[in-house]
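Structure first, then comments.
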Amino acid sequence: MAGAGGTKNSTMAKSSSSAAAKRNNHHPKPQQQQQPQTPSTRRQNLLQLVAVAASSTAAAHSFLTNHDLTLHPSQTLILESNISAVSLSISNLLSLIHHPIAFAIPRPPPPPPSWFHRLISSESDTDHLFIEAFRMSKQSFSYQLALLTPSLSSLPIPPNYAVAATLFRLAHAASFNAVARRFDLDSPTACRVFYVVCKAIIDNLGHFFELRSDLNRIVLGFGWISLPNCCGVLGIDTFAVKGNLFGENGSVMVQALVDSEGRFLDVSAGWPSTMKPELILRQSELYSAIEESRELLTGPSYELNDGSSIPQYILGESCFPLLPWLITPFRESDTDDDNDDDDGFDDGCLNLSSSKQAFNSVHNRGMELLDTAFGRLRARWMILSKEWKEESIESFPYVVVACCLLHNFLIKSNEEFPDEDLDYMRNHDLSDYEGEGDETGERIRSAIASDLSRWEDC
């Protein structure tokens, strides 16, 4: 019994000891207070961190230098931007603590020959990289170079360098500093080269706006999408501008005419978003060539099955007025005065309301051609997707027109389009034209609409 009692007391003692230990755990031992860092210690720790960051930056710079012919151009631009940002931050930190920069940042290695020189001199297959960099094949580049060279004699660099530098900036929205680094230039020279080449493109590739030279092909193309005698689709796209030059969320507008294959036929660029589309139209050279000088849309009329005569015309967005040569969609406010008392049929064919639906459906398909054309333009020439600075807005029209001509040139050269354009839709916030439509335009539109409904149901 004594033995049993001793075991019980021992167990109770252990339990009490364990409980006491748990109670003690609720009161941790006071930690020793860290000694506050002196300014000298903090400065030394900061310098160590800066040295690590500088070493990593130098390693990234070395990686970029050694692999810039294998990386995608957009990757090199992002890496360059990050390296520059980190280097600037390091310099600012060192200036705050009054420390010589050379202590923390290793000297960069001597720059290699220019990226473009190494690209065209490489013995390896660089065709894919060439297309990614300049948005065209070497064959198309050579053909374009031959067209532009006569206008580039004033530049201090070879024509192939000048054209390539311009295409690289257009394709990737690269800064003049980034362009200069790749082509062994300084930034002011890169800027001058860019605008001289853009002007050369406009002066030498203007014949790729084919409204005057290849109208028969244009009309035939629209015939395949049920728009007889149509000579183009006219619409507007908007491009962002930094600042408040054109008010809050202001932009510049581009009026463009495209054909059924997505070629640009006429471009009028640089209009402020504060202007109404009908005013832009009436001040454009296209309007003048049709209404005043009568240079355009003077070809033969097309006779529909019911005997109606349809002159050459352009399909226009609802923000434009209805004119004898500019056919806009039916609006909800348009009424069918001749069919108010029938049961939906007129001499065996659908009434005008159904005709309107048929016409507007085809009209929408025509407007999609504008979305596709502008989407491909922006995808290929990324400079058009950036926000434009107020101080450079005067150059915007030249850049847009140059990009449109290059777009047409590459269609003619059978170059493939980028894949990024598939989901692009233009800004459709423009208000419908509120004025009255032209009577001749209404007659032509109704005749086309009736013809479309007959084809669909008879």
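The values are calculated or read from the model by the stated rules, or taken from the named source; none is laboratory data. Please read these numbers as outputs of a predicted model, since none were measured by experiment. As a convention, Cβ positions derive from the backbone with ideal geometry for all residues, glycine included, and neighbour counts pool all protein chains shown. The area values use the complete protein model at the heavy-atom level, side chains included, leaving out ligands, DNA and RNA. Shrake-Rupley method; radii C 1.70, N 1.55, O 1.52, S 1.80 Å.
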- Report the dimensions of the stretch 183-267 along its three principal axes from the alpha-carbon atoms, largest first, rounded to Å. 52, 36, 18
- Task: For Asp127 and Arg365, calculate 0.36 nm times their separation in residues minus their Cα-Cα distance, and state this gained length in nm to one decimal.
- Result: 82.1 nm
- Note on the structure: Highest mean packing first, using Cβ neighbours within 10 angstrom, the peptides 434-441, 198-205 sort as 198-205, 434-441
- Task: Determine the principal axes of the Cα atoms in the stretch 154-201, then give the extent along each, sorted from largest to smallest and rounded to whole angstroms.
- Result: 22, 19, 16
- With 0.36 nm assigned to each residue of separation and the Cα-Cα distance removed, Ser309 to Asp186 gains 38.2 nm
- If you stretched the chain out fully between Glu390 and Glu261, how much longer would it get, using 0.36 nm times the residue separation minus the C-alpha to C-alpha distance? 43.1 nm
- Message: When a/c reaches 1.5 or more, the comparison of a/b and b/c decides; with that in mind, is the stretch 200-342 rounded, prolate or oblate per its Cα gyration tensor?
- Response: oblate
- Task: Please list the equivalent ellipsoid semi-axes of the stretch 373-436, computed as the square roots of five times the alpha-carbon gyration tensor eigenvalues, in descending order and whole angstrom.
- Result: 23, 18, 13
- Query: What do you reckon, how do Asp266, Asp306, Asp259 stack up by accessible area (1.4 Å probe), largest on top?
  - Reply: Asp306, Asp266, Asp259
- Item | Most to least packed among 225-231, 172-178 [average Cβ atoms within 10 Å] | 225-231, 172-178
- The pairs in Lys276/Lys386; Lys199/Lys242; Lys276/Lys412; Lys199/Lys389; Lys389/Lys412; Lys199/Lys386 lying past 26 Å Cα-Cα in this model are Lys276/Lys412; Lys389/Lys412
- Message: If I take every Cα pair under 8 Å that is 6 or more residues apart in the stretch 220-263, average their sequence separation and divide by the length, what percent do I get for the relative contact order?
- Response: 41
- Only Cα pairs under 8 Å and at least 6 apart count here; give the relative contact order of the stretch 153-211 as a rounded whole percent. 29
- Förster radius 41 Å - calculated FRET efficiency between Gln139 and Glu291, Cβ distance, rounded to 0.05: 0.45
- Task: Considering Cα pairs under 8 angstrom that are at least six residues apart, work out the relative contact order of the stretch 144-269 and quote it in whole percent.
- Result: 16
- Debye sum, Cα scatterers, the stretch 123-169, no solvent: what log₁₀ I/I(0) at q = 0.29 1/Å? -1.11
